[in-house]
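Single-structure report; data block below.
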Number of protein chains: 4
Amino acid sequence: MSRVAIIGATGYAGAELVRILSGHPETVLTVLTSRQYAGVRFDRVYPAMAGLVDIVCEEYSADRICNEADIVFMALPHQLPMAFVPDIIKHGLKVIDLSADFRFNDAAVYESAYQPHTAKELLKSCVYGLSEIYTDQIRTAQLIGNPGCYPTSVLLPLIPLIKQGLLDPATLVADAKSGVSGAGRSLSQASHYCEVNESFKAYKVAAHRHNPEMDSILSREAQKPVSITFVPHLVPMTRGMLTTIYATPAAALNVQDIVDCYTSFYSRRPFIRLCPSDGQPDTLHVRGTNYCDIGFKLDDRNNRLILISVIDNLVKGAAGQAVQNMNLMMGFDETDGLLHVPLPL
Amino acid sequence: MSRVAIIGATGYAGAELVRILSGHPETVLTVLTSRQYAGVRFDRVYPAMAGLVDIVCEEYSADRICNEADIVFMALPHQLPMAFVPDIIKHGLKVIDLSADFRFNDAAVYESAYQPHTAKELLKSCVYGLSEIYTDQIRTAQLIGNPGCYPTSVLLPLIPLIKQGLLDPATLVADAKSGVSGAGRSLSQASHYCEVNESFKAYKVAAHRHNPEMDSILSREAQKPVSITFVPHLVPMTRGMLTTIYATPAAALNVQDIVDCYTSFYSRRPFIRLCPSDGQPDTLHVRGTNYCDIGFKLDDRNNRLILISVIDNLVKGAAGQAVQNMNLMMGFDETDGLLHVPLPL
Amino acid sequence: MSRVAIIGATGYAGAELVRILSGHPETVLTVLTSRQYAGVRFDRVYPAMAGLVDIVCEEYSADRICNEADIVFMALPHQLPMAFVPDIIKHGLKVIDLSADFRFNDAAVYESAYQPHTAKELLKSCVYGLSEIYTDQIRTAQLIGNPGCYPTSVLLPLIPLIKQGLLDPATLVADAKSGVSGAGRSLSQASHYCEVNESFKAYKVAAHRHNPEMDSILSREAQKPVSITFVPHLVPMTRGMLTTIYATPAAALNVQDIVDCYTSFYSRRPFIRLCPSDGQPDTLHVRGTNYCDIGFKLDDRNNRLILISVIDNLVKGAAGQAVQNMNLMMGFDETDGLLHVPLPL
Amino acid sequence: MSRVAIIGATGYAGAELVRILSGHPETVLTVLTSRQYAGVRFDRVYPAMAGLVDIVCEEYSADRICNEADIVFMALPHQLPMAFVPDIIKHGLKVIDLSADFRFNDAAVYESAYQPHTAKELLKSCVYGLSEIYTDQIRTAQLIGNPGCYPTSVLLPLIPLIKQGLLDPATLVADAKSGVSGAGRSLSQASHYCEVNESFKAYKVAAHRHNPEMDSILSREAQKPVSITFVPHLVPMTRGMLTTIYATPAAALNVQDIVDCYTSFYSRRPFIRLCPSDGQPDTLHVRGTNYCDIGFKLDDRNNRLILISVIDNLVKGAAGQAVQNMNLMMGFDETDGLLHVPLPL
C-alpha cells in the first residue's frame, strides 16, 4: 500500500480527495493537513464521513509528510504550493498539485495571469495532468500540475479535433457553466445561498485565469498560436460543469468524421463517454464520477460545429483526475478508486 | 376600464397575465378560460391568489368573449390560436396572442417550423410585438404576435447594433439559458423535479423553433439575410433567462461606441437597463419584473464582442411584454401594471 | 409624505424595507445607513433596484436622522438598537426596531436570552408589534419591538385558540422550517450554498432565542405560564417559513369550532387567510407578500390538533410586518405598500 | 453469483436497485423489467449508467424470471406485487417486495389503508424487512415486505426507547420532511419542478398510508396499542428524509440513559450512526448511502424528548434496505454493495 498525504484536506477538493482515496485499493491515507481545523478529526468537519475516516487533521509539516507519505496531493490555493513543493520533491516523493502553480512550463505565462513564480526550476519537468492527453508523460512524472476544471471541460472535447486540424482555430468560443462548488468552501458573497439560488449569471467575462491555461495547451496541440474566447457562468447547483463550444470547421466536416475522430482518439479511455446521436450530455449523468461525457451537433445552416462536454467539476475537474494521474504515475490500474456508479438522480 | 379576457388562464403564462392584470389600473378581468379547470375558481388552482381573484374559470366561448371583453390575451399552445382568433378579430376586439401563430408575416417560414397555417389572411396585418422595436406599429395594431422568450432575449441586445451595421452577421452565436417555467405547466419528464434539480443540459441544439423567429427579425432589421446559431440550455431554477451572444464587429469598435449605440437607442424605454461597466446581468435582478438588463464585454484578444441579456421569461419573455403591448395599443401609459419592484433576493 | 430612515439598509431585512417602502404611497425614503457600504449607491449593492432607488448609503448619524426623518426603521443585529434608540426617541421620532431589543417588557427575560439591557427605561412603553394582536397599542406607540419571524409564525395561529382556552397549554410543540434568508446576509458556513443545497437539518434544537419570546406572549394571552417546545429547521430555499404546531385540545373540539374561532378573530384582518378545508398552506403562496396563511387538521385518532402556518420570513416575518406597524402608528391604511400580488410560481 | 431480477427497474426505486446491485460482489443482474421501456436498453433510460449496465428492459414474464433469477426485487406500486408474488414464491425464489403489499401480517390493517388483499395466504410468513430490528426473521424469510421510507425513519429511532418502555406512547408525534424523489418518477403536478422549487408544504396531514404501518410495528414492539400522530412535508430537494419526533418520557430520563439505550441496541449495526452531542443529523450526510443517522435533545423545560433521524429515502428508505435484507437472507456480508462513501457535499 502506498502512503498518501493530502495538504489542505478540508477544502472541497481536499475533502473530495479524502472521499475517493478512502475507497482506493492500493493506497492508505496517512496525513491530512488543515490550517483551520488542525487538531480536529476530519469526520467532525465532514460528518458525512463519520465511521469512515478517523484521522485527525494537523498543521502542515514538511518533515511529517516526507516521513509518512509516498505521494502528496496539494489542495491549496495557488501561490502556497510553489513554496512547499520544492522541498517535498527533493525528498523524492511524488506530488500532484491541484493549483495552477505547476500547470505552465513557461513561467511568463503563469506570471501574466497569477504572480511571480518562486519555483521556476521545477517548471521544465512538471507535467500537465490532463490524463487522457498526456498519459505517457504522466506515467513517468514526479510532479503533476493538475488541470483546472474549466480547461479540462474545454480541452477534452477540443483536442482530438484540433490535433487533426479539423477546426479553424480563429473561431473558437467556449461558453461554460459551473456549479457553485467550483468556488470552494471559503465564504464569499458569491457563494452565499440567497445570492446564488434562483440566480444565473456570467462572471469574469473573457477575463478568467483559466483562459491562458486553455490557450497554452490548445496552442501546443495545434502547433500554432490559438486563442479562445471563454465566458464562465454560475449555475444554481452544487456540482457539475457543462461547456458549450462553438467552432467553424476548417474544411467540410460531417457527423461521421467527428464520431470517427473521437472514437479513435478515446477508444480505450475508460472515463470518456461519447453520447449517442439522439442524446445530450447532462451534468446529472456524471455527478460524483470521473466521467467526461461529450456530445456534438453540426449547425449546417451556419457551417458551425457545436461541442458539449460535462464533467463533475470536483471529480474529473479536480480530485478525480488527480487520483487518475496518481494511478498512472504509480502503475496502478487507471480506474482504481474511481469506478463510482453515478446516482440515477 | 377596459374589459380583458384571458384564454388559457391556468397555464403559467396565463396565470402570470392574471397576476399582472389584477394590479392594472385601466383594465378589469372579466373572463378566464381553462379547459382543464372549467368551473373551478381561479384561486383554487393558484391559492397564492386567494382573496385577490374570485373569477371562476370557464370553457372557451367566442360569444362570451366578444360580449364580455374588449381585449383578448391568447395564452394557448400554437395551432389553437389561429383557429380562434379570426372570429374574435372580426368582432373588432384587440388580440394579443402569446403563441407563435401570428409572429410571422410569411406563412412559409411559420410552416417550415410549425404546421400548415389556417389563418393566413391575418398574417399581413399582424404585428410582431417586440415592444421596444415595433412600438409604432404596435400602437395601431389590432392583432399582436407576442414574441417568444428566447427571441426577446436575443433581439433586444442585438438589434441596436445590427441596425447600425456594427456586427458581422455571419458570426452570430447565441447561447441561451432558461429557467424551467419556460416549459410550461404541462407535465413532462423534462420538468419533473428530480430530473431538473442539480442538472444542467442543452436541448434542441441548433434545432429550436425560436431560431427561425430570430433569423426572420434579424434579417428584417439588417436588411439582408441573417442566420444565427442558437443553443438553448435548461437551468435548475423556476424563472429567468440569460443569453450570451458572441459576434465579431464589422469594423473597429470600442466600449464607448457600444454604450452610445444602446443609450441612444433605448434612452427613453423604461424597461431596458444597461448594466454599469463593472456589473453583469443576473436573472435574480429581474425576477418577477418586465426589465431586460443588458451588459457587454469586448474580448480584444480575439476581436469578439460578448453581449449578455437577462429577462424573466414569464414577464418580459411572455405576459409582461404582452401587457406592455396592450398598454401601447390602448394608449395607456406604457408602464401601467408593470412597475413591480423586484425582490432584492 | 412622511420621511423614513432605514438603519442597516443593506442587510436582507433592510433591503426588503427599501423594496416595500419604495412603493409606499405615503412615505418617502430619505436616509439609508450601512456601515459596510457607506458612500455606495444602494442600487449598486442591490442591482435589482437599478433605476428605482438612487439613494447613497451613509454612516449612521443620530443628527442626520433626527433632521431628515419622521419614522425610523432599525434593521440591525440586537444590542446595537438599544444603544441608538433612546436618543432618537427623545427627539420625538417614531421607531420600529426589527431586532429583539424592544420585544420584551421584562428586562430579565431579555437578559436571560441575550445580554444586559442598556435601555431598560424604554421597556415599559415599547409595544410588541404583532400587528393583528396588539393593533390598538401599536396605533398609539412611539416604539415598536417588531416580532421575530418564528414567533410570528407560531403566535398568529395559536393565539386565537389559546385566548379562548381551547388548547391544553402543557402540550404545545412547534416544529418550524425556515428558508435560508432568515440567517441574513452575513457570511457563514451555515448559509454557504453547498452546505445548504440538498440539505435539510434542525438547528438550535429546543434552544433558540425566539423560544422565550413565544413563551412570554403565549403566557400573556393565556393569562398563565405557557412554555412551548420549539425546534427550527433549515430548508434549502431562499424565502418562506412553515410552522407545524401540535396541541391537545383542552376539551372536545370539532372542525367548525376552530373555523369559527379563526373567522371571528381574524375576520377583518387583510393579511390572514384561512385555507379551505381541502387545501394546505404552502410557502410559495405567500412568497414576497405580507400574508399569513393558516390551515389545520384534527387528528381524531390521537385527539390532537395540528395547525400549520406559512409566512414569508422577510415580509410578514420582518419588513412587511414592520411597515404594517408603521401604517397603524401613522394612521395610514393598514395595507398601504403591502398589497403585492404573489407570483403564481 | 446469485442471479437477480428487478421488476419495475426504471422507476426511481428500481433504478436505485440497479445502481446498488451493479456494484454488488455476490450477485449478477439478469432481468430488468419495465412496462414503459420494454425493448429499450436500461442505460438509454438512465444515461448516467452508460457503459455500466447494458441490459435491455423487458416485459414482466413469470417464466423468464423463474428461469433466470434466484432473487426477485419487486419495485412496483402496491396492488401489482400481490398479483405476481404468489407464483414466484411457489417456484422457490426469494422475493423482496418494496411496496406495501407484504408489510402487514394482518390483512385487515392493510385493507383499511389500501384495498382488498388478494394473496392473504402469504401474509403469515412474510417478514417486515426493517433490517436492524427483525434481523433474525429476515435471515430465514423467503418473502420480505420492505418497509416504507417514512416508517423506517420513524421506527429506527423510536424502537429502542419504546421497547425499553422509556417513552409514554400516548405522546408520540412524528413531523417528517422528505425530498421529492419519494413521490417517484411518475409525472404529477406535485413533482413538477416549478411547484416544488422554493415551496415547502405539508401533505396528507395525519392521513398518510404509512401511519398504520408505523402504528402496527410500534404496537408490536411496545406490546400494547400505540398510535402516533404523523405529518409528512415536502422539501425542495431530490433525496433525503429527516424526521423529528416528539415524546414525553415515561419516567425521569437523562442524556446518558438515551445514549446507553441506543449504544447497546445498535452497537454492532453498521448502518446506524449516533450523532455526537454537539452535532445534528443532516440529510446531506447520508445522501446516496444506507446510513440512518440519529440525534436527540432533551427539552428539560417541558419534559419532552426530541429525536431526529435522517436517511436517504431511496437507499435506507427503499433500495438500500432491500439489498441489506437480501444480504441477510442470502448469508452475504450485511454491508455487501452498500459501503458507498457519501459525497462530502
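The values are calculated or read from the model by the stated rules, or taken from the named source; none is laboratory data. Values in this document were obtained by computation on a predicted structure and should not be read as measured data. Heads up, the Cβs are rebuilt from the backbone with ideal geometry, glycines too, and the neighbour counts pull from every protein chain shown. In case anyone asks, the SASA skips ligands and DNA or RNA and just uses the protein heavy atoms, side chains included. Shrake-Rupley method; radii C 1.70, N 1.55, O 1.52, S 1.80 Å.
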Can you list, shortest first in nanometers, how far A:Gln79 lies from the same residue in the other copies, with each label 7 Å from Cα toward Cβ?
3.1, 6.1, 6.5
Hey, in the GNM for chain C with a 10 angstrom Cα cutoff, which one of C:Ile96, C:Ile308, C:Ile162 fluctuates hardest?
C:Ile162
At D:Ala222, label 7 Å along Cα→Cβ: distances to the other copies, nm, ascending?
2.3, 7.3, 7.4
If I ignore ligands, DNA and RNA and count only protein heavy atoms, how much of A:Glu132 is accessible to a 1.4 Å probe, in Å² to the nearest 10?
10 Å²
Indicate the gyration tensor shape class of segment C:8-116 (rounded, prolate or oblate), computed on the Cα atoms with a ≥ b ≥ c the square roots of the eigenvalues: a/c under 1.5 is rounded; otherwise a/b larger than b/c is prolate and the rest oblate.
prolate
Hey, what's the Cα Rg ratio for segment B:101-210 versus the globular rule of thumb, 2.2 N^0.38 Å?
1.27
Tilt of helix B:12-21 relative to the longest C-alpha principal axis of chain B, in degrees (0 to 90, nearest 10)?
80 degrees
For segment D:313-345, state which residues have at least 30 Å² less accessible area in the presence of all protein chains than in their chain by itself, taking the probe as 1.4 Å and leaving out ligands, DNA and RNA.
D:Val341, D:Pro342, D:Leu343, D:Pro344, D:Leu345
When each of A:Lys90/A:Lys124; C:Lys177/D:Lys201; B:Lys316/C:Lys316; C:Lys94/C:Lys124; A:Lys177/B:Lys316; C:Lys201/D:Lys201 is checked by Cα-Cα distance, pairs over 19 Å
B:Lys316/C:Lys316; A:Lys177/B:Lys316
Relative contact order (%) - criterion: Cα under 8 Å, at least six apart; region: segment B:125-192:
22 percent
Before we go on, tell me the buried accessible area for the A/B pair, both chains summed, 1.4 Å probe, in Å² to the nearest 100.
3600 Å²
In percent, how large is the relative contact order of segment A:236-345, given Cα pairs closer than 8 Å and 6 or more residues apart?
31 percent
Counting only protein heavy atoms and rolling a 1.4 Å probe, one gets per residue an accessible area for chain A in Å² of 32 Å²
Rounded to the nearest 500, what is the 222 nm mean residue ellipticity of the protein assembly as shown from helices alone, with -39500 (n - 2.57) per DSSP H run of 4+ residues and division by all residues?
-8000 deg cm²/dmol
Which Cβ of chain D lies nearest the axis of the rotation superposing D onto C, and at what whole-Å distance?
D:Asp175, 2
Give me the percent of DSSP beta bridges within the protein assembly as shown that run antiparallel, rounded to the nearest 5.
45 percent
Between copies, how far does the label point of D:Ala170 sit from its twins, in nm, shortest first, when each point is 7 Å from Cα along Cα→Cβ?
1.0, 8.8, 8.8
Ordered by number, the residues of segment D:231-247 that have at least 20 Å² less accessible area in the complete protein assembly than on their own chain alone (1.4 Å probe) are D:Val231, D:His233, D:Val235, D:Pro236, D:Met237, D:Thr238, D:Arg239, D:Leu242, D:Tyr246
Accessible-area loss of at least 40 Å² (1.4 Å probe, chain alone to full protein assembly) applies in segment C:38-66 to C:Arg44, C:Pro47, C:Ala48, C:Leu52
If you fit an axis through the alpha-carbon atoms of helix A:149-163 and take the longest principal axis of the Cα set of chain A, what angle between them do you get, 0 to 90°, nearest 10?
40 degrees
Between B:His192, B:His78, B:His91, which gets the highest mean-square fluctuation from a Gaussian network model of chain B, Cα cutoff 10 Å?
B:His192
Measuring from a point 7 Å past the Cα of B:Val56 along Cα-to-C-beta, which residues in segment C:267-281 have an amide N at less than 19 Å?
C:276-278
Using a probe of 1.4 angstrom, how much of the accessible area of chain B is carbon and sulfur, in percent?
50 percent
Given the options C:Ile144, C:Ile294, C:Ile55, state which has the largest fluctuation in a GNM of chain C using a 10 Å cut-off (strictly under) for Cα springs.
C:Ile55
Tell me the accessible surface of A:Phe84 in square angstrom (1.4 angstrom probe, heavy atoms of protein chains only), to the nearest ten.
60 Å²
Provide the convex hull volume over Cα atoms per residue for chain B, in Å³.
137 Å³
Across segment B:150-313, how large is the tail of the calculated P(r) beyond 20 Å, expressed as a percent of all Cα pairs?
51 percent
Roughly what % of DSSP beta bridges within segment B:2-125 run antiparallel, to the nearest 5?
5 percent
Could you tell me the distance between the Cα centroids of segment C:127-148 and segment A:185-264, to the nearest Å?
55 Å
Looking at the square roots a ≥ b ≥ c of the eigenvalues of the Cα gyration tensor of the protein assembly as shown, which shape do they give, rounded for a/c under 1.5, prolate if a/b is larger than b/c, or oblate?
rounded
In degrees, nearest ten, helix B:320-330 long axis to first principal axis of chain B (Cα):
70 degrees
For B:Met1, the accessible surface traced by a 1.4 Å probe with all protein chains present amounts, in square angstrom to the nearest 10, to 150 Å²
Normalised by the number of residues in chain A, what is the relative contact order in percent for Cα pairs under 8 Å and 6+ residues apart?
17 percent
